[in-house]
Amino acid sequence: MPDTSRASRRPPGVGITTDRIPVPSHSEVAVYGRIVVVAHSYKIRVWEVGGAEVPRWEVDLKDVLREWKVKEKEVKVCSVEFLGVGGLVWVGTKEGHLVELDVKEGVVAGVKLSAHTHGVTHIFRIARMMVTMDDSGKVLVFAPDEGSGEMRLTGTQPRVVRVADKQEFARIIGGKLWMSARMDPGGGTGVSGTSSRGPIVRVYDILTPGSSGRSLLPTEHVGNVTCGTVLSSEPDLAYLGHEGGFISIWGLNGEADGMPRCLEVMKISTSDVLCLEGVNDRLWAGGRKGMIAAYDVTAKPWVMTNNWNAHADLPVTRLAVDPWSIDKLGRLCVISVGRDERVKFWDGLLAENWIDQELLKREDEFSGFRDLSVLIVSWNVDAAKPDALAGSPENVNFLDTVLHTVDSPDIIAFGFQELIDLESRKMAAKSVLLGGKKKAADGTISEKVSSAYKKWYDKLVLAVRLAMPPETPYTVIHTENLVGLFSCIFVKNTERFSLKDVAITTIKRGMGGRYGNKGGIVARFIIDDTSICFINCHLAAGQHHVRQRNADVAAMLEEKAVFPATDTAYQDPVAYVGGGDGSMVLDHEIVFFNGDMNYRIDQRREAVAAAVRAGEYDYLIAHDQLTYQMKTNRGFRLRTFHEGPLSFAPTYKYDRRSDEYDTSEKRRIPAWCDRILWRSRHPQRVEQLHYQRYEADVSDHRPISAGFQMTVKSVNREKRARVKDEVRELWELQEHNLLIAAREFYVSQAIIC
């Protein structure tokens with residue numbers, strides 16, 4: 001799976017508004033610069049982007065055919081494509097007719113009745129040639145006159161080519177016709193219920209008279225072919241999108257006979273890839289949830305550089321580059337059509353990505369920096385009350401000890417789990433029912449909630465007051481609970497006035513996201529101009545439930561509306577990253593992720609216990625589930641997070657008031673369930689000071705803490721604006737060269753001439 005952790009969520013708009021152009025379901029759309037042709041049923045509407053509020057022209061095909069003495073009860077457009085320079089568009093109908101329309105004048109320039117005996121499912125342009133195709137496998141190749149070089153629908157005699165019938169997918173790639181039919185869903189063991197290795201891909205050299213097609217197969221089981229494209233940066237490769245989220249990669253020059261062969265298969269999504277388009281050096285893909293993603297395919301694994309909601313959570317039905325936009329608009333536009341009945345224009349060169357990267361390189365020119373210290377304490381207390389911290393010095397002194405591991409930290413974040421007994425139905429139900437009314441007007445915890453939260457809150461407030469110098473008081477800026485989870489975040493009073501956009505919320509993951517017995521508490525704020533997010537989590541338990549834990553992580557990091565979006569009209573979004581607005585976790589520049597993650601060690605209990613006694617932690621780390629997922633699972637959402645060395649013994653599971661690992665009948669395998677990870681856009685701006693455990697034994701888990709020094713920035717808006725203007729000037733030169741290269745590529749691919 002591609003690395004999605006740093007993808008920009010900012011839509012790469014081009015300032016072209018198309019909201020007034022309706023695209024009813026099952027419409028055919030073609031674009032030529034500022035001209036948009038929308039054909040639905042028997043109506044063809046020609047719109048000019050940025051023009052009038054009504055179509056420039058509207059053509060009724062019933063009237064057109066009536067003029068040609070054709071009496072059709074029903075007429076339906078099946079395909080549309082521009083002929084090229086000159087503003088002529090060809091239209092194919094379900095009845096097999098072809099119509100040539102002059103969009104400049106709004107008149108019909110020609111009609112070829114019953115050119116096909118079946119519906120014209122596809123129309124392709126190859127340089128100055130046009131190719132039409134129907135469902136029976138009949139292909140007509142229209143070539144320009146050798147003498148005049150011109151070609152018109154009514155004055156050109158096409159050449160007939162026969163291909164396989166009933167092809168669901170068809171596209172011209174590398175000058176050849178690629179096709180694929182849907183696999184029979186009945187029987188077998190392969191994808192979609194077939195015994196085949198995958199869908200049959202047929203490739204025809206339709207420009208060479210007398211040549212036959214070739215049937216090819218992917219190297220792995222994949223779903224039906226839905227789309228295909230080629231990249232200008234990888235002109236010798238073709239990419240086919242499939243149901244099931246797969247992309248197959250084909251070498252175009254690998255065989256002696258010039259026919260393609262499948263090189264490899266990539267998994268990029270958990271749902272179908274509905275449309276693909278190669279744009280400059282990025283592979284764009286549209287999916288069922290309205291998202292368009294752009295991938296850098298040169299990295300291994302692929303890197304998702306952009307991912308934005310283009311069509312209101314509804315399927316993206318088409319992606320297409322408009323090569324004429326280079327000359328007509330001075331930019332490279334990509335057009336998308338969605339089930340939301342809208343057509344959208346996007347910046348194919350992703351200018352904002354380039355500008356953002358250049359601004360990052362020059363951040364020192366317009367920013368000031370200072371260091372802050374952070375202390376994070378994580379502990380699954382197994383329903384222990386704070387007064388249980390008695391008896392041994394390790395218990396009595398625990399909070400004082402941990403609070404002195406960092407010298408007067410600027411931020412202290414406590415993240416506890418299982419503050420109540422999750423095995424007690426009465427206690428869990430009480431927390432679920434009363435959890436929404438847990439705070440009084442002054443922000444303290446209400447007595448209506450289980451007294452466990454209140455007791456721990458009071459204990460932490462007292463411990464911080466006693467441990468820290470009296471001249472540096474602290475204030476609780478966040479406190480929240482969720483069925484056992486409890487977060488309490490302190491900030492030095494001297495830093496309180498530097499905070500903005502303070503927010504805290506919960507994410508439920510228990511029982512399919514309905515209950516909070518598993519889940520997370522997510523807190524965030526902006527200090528100076530750096531956004532910081534703290535997650536205190538309790539993930540799915542069980543030795544073998546790695547997938548559930550991974551799903552819990554993904555749900556928290558990919559939740560689209562964790563927080564309300566920041567109103568960028570009133571706040572400069574320089575604090576957030578990746579084009580984000582602060583509504584998602586990974587919009588934040590620095591993220592700390594801690595809690596009882598429940599990842600285990602995949603070894604026999606006796607082997608683990610012996611390794612712990614011998615201090616052979618490297619051996620155990622090699623079998624640690626979390627470490628393994630971070631190193632090998634390309635789709636794991638914590639892959640870009642960091643963790644300090646595990647130089648302490650596993651923190652789970654102990655007999656209470658004992659140094660013995662679980663001696664009950666279950667004899668659970670010791671594990672590092674309790675972890676603290678972090679992520680920063682600039683890795684050098686977060687330095688870990690310590691990572692350790694403590695010997696308080698009132699729970700079946702040992703507590704842990706981590707200290708950090710982080711660098712936060714303050715942005716001078718005026719200086720940043722000046723630098724951004726300079727960067728935009730540099731981009732204009734870069735864009736000019738990229739547009740020249742793009743045009744040369746589309747000419748070489750016979751997409752334009």
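Yes or no: segment 251-273 includes at least one residue that is in contact with a His (Cβ under 9 Å, 6 or more places away or on another chain) and not β-branched (Val, Ile, Thr). Yes, that holds for at least one residue. The criterion of at least 1 residues that are of a type in the set (A, V, I, L, M) and free of Cβ contacts under 8 Å to residues at least 40 places away in the same chain is met by none of the strands (runs of 3 or more DSSP E) falling completely within segment 1-75.
Could you please let me know if GLY13 is surrounded by fewer than 17 Cβ atoms within 10 Å (Cβ to Cβ), within 28 Å of ALA293 (Cβ to Cβ) and not acidic (Asp, Glu)? Here the answer is yes, as GLY13 does meet what is asked.
Of the strands (runs of 3 or more DSSP E) lying entirely inside segment 284-329, those containing at least 3 residues that are at pLDDT 95 or above and more than 26 Å from ILE126 (Cβ to Cβ) span 291-296. Determine whether segment 664-676 contains at least one residue that is assigned to a loop (DSSP other than H, G, I, E, B), at pLDDT below 95 and under 34 Å from the mean Cα position of the chain (by Cα). No, that holds for no residue.
Among (1) more than 28 Å from PHE641 (Cα to Cα); (2) part of a strand (DSSP E or B), there is one condition ARG720 misses while meeting the rest; what is its number? Only one criterion is unmet by ARG720, namely (2).
One line per residue, one yes/no per condition, for (1) among the acidic types (Asp, Glu); (2) in contact (Cβ under 8 Å) with a residue 24 or more places away in the chain; (3) closer than 30 Å to GLU394 by Cα:
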residue	(1), (2), (3)
GLY644	no, yes, yes
THR663	no, no, yes
GLN688	no, yes, yes
GLU695	yes, yes, yes
ALA706	no, yes, yes
TRP731	no, yes, no
HIS736	no, no, no
LEU739	no, yes, no
ILE751	no, yes, no
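For segment 101-147, please list each of the strands (runs of 3 or more DSSP E) lying entirely inside it that holds at least 1 residues being among the aromatic types (Phe, Trp, Tyr). Per the criteria, 120-126, 138-142. Scanning segment 167-180 for residues that are under 13 Å from PRO199 (Cβ atoms) and part of a loop (DSSP other than H, G, I, E, B) returns GLN167, GLU168. The set of residues in segment 219-253 being more than 17 Å from ILE200 (Cβ to Cβ) and among the aromatic types (Phe, Trp, Tyr) consists of TYR239 alone. Contact map, segment 94-115: first residue in contact (Cβ under 8 Å) with a residue 24 or more places away in the chain, second residue surrounded by fewer than 21 Cβ atoms within 10 Å (Cβ to Cβ) and hydroxyl-bearing (Ser, Thr, Tyr), Cβ cut-off under 6 Å, separation 6 or more or different chains; pairs are GLY96/SER114; GLY96/THR117; GLY110/THR154. Taking (1) under 23 Å from ALA383 (Cβ atoms); (2) among the β-branched types (Val, Ile, Thr); (3) within 36 Å of the chain's Cα centre (by Cα) in turn, THR627 satisfies each apart from (1). Per the listing VAL265, VAL273, the residue uniquely surrounded by fewer than 21 Cβ atoms within 10 Å (Cβ to Cβ) and in contact with a strand residue (DSSP E or B) (Cβ under 7 Å, 6 or more places away or on another chain) is VAL265. ILE590 fulfils the conditions (1) β-branched (Val, Ile, Thr); (2) buried (at least 23 other Cβ atoms within 10 Å of the Cβ); (3) farther than 26 Å from ASN306 by Cβ except for a single criterion, (3).
Only residues that are crowded, with 21+ Cβ neighbours inside 10 Å and either farther than 18 Å from LEU88 by Cβ or not assigned by TED's automatic domain parsing to the domain that holds CYS78 (or both): list them for segment 108-121, please. Within segment 108-121, just HIS116 meets the criteria. Residues in segment 185-198 that are modelled with pLDDT of 50 or more and touching a helix residue (DSSP H, G or I) at 6+ places or on another chain (Cβ under 8 Å): PRO185, GLY198.
The set of residues in segment 363-403 being among the aliphatic types (A, V, I, L, M) and part of a loop (DSSP other than H, G, I, E, B) consists of VAL381, ALA383, ALA384, LEU389, ALA390.
Just wondering, is there one or more residues in segment 342-355 that are hydrophobic (A, V, I, L, M, F, W, C), assigned to a helix (DSSP H, G or I) and free of Cβ contacts under 8 Å to residues at least 40 places away in the same chain? No, the conditions are met nowhere in segment 342-355. Each residue in segment 449-500 was checked for being outside any helix (DSSP H, G or I) and free of Cβ contacts under 8 Å to residues at least 24 places away in the same chain, and 4 of them qualify. Please work out if VAL337 is closer than 30 Å to ARG693 by Cβ, surrounded by 17 or more Cβ atoms within 10 Å (Cβ to Cβ), at pLDDT 95 or above and not acidic (Asp, Glu). Criteria not met by VAL337. Restricting ARG128, ARG45 to those that are crowded, with 17+ Cβ neighbours inside 10 Å and closer than 25 Å to GLY174 by Cβ reduces the list to ARG128. For segment 84-122, the set of residues classified as at pLDDT 90 or above and within 37 Å of the chain's Cα centre (by Cα) consists of VAL89, TRP90, VAL91, GLY92, VAL120, THR121, HIS122, listed by residue number.
The values are calculated or read from the model by the stated rules, or taken from the named source; none is laboratory data. Keep in mind it's a predicted model, so treat the numbers as computed, not measured. Here the Cβ is made from the backbone with ideal geometry for all residues, glycine too, and neighbour counts use every protein chain on show.
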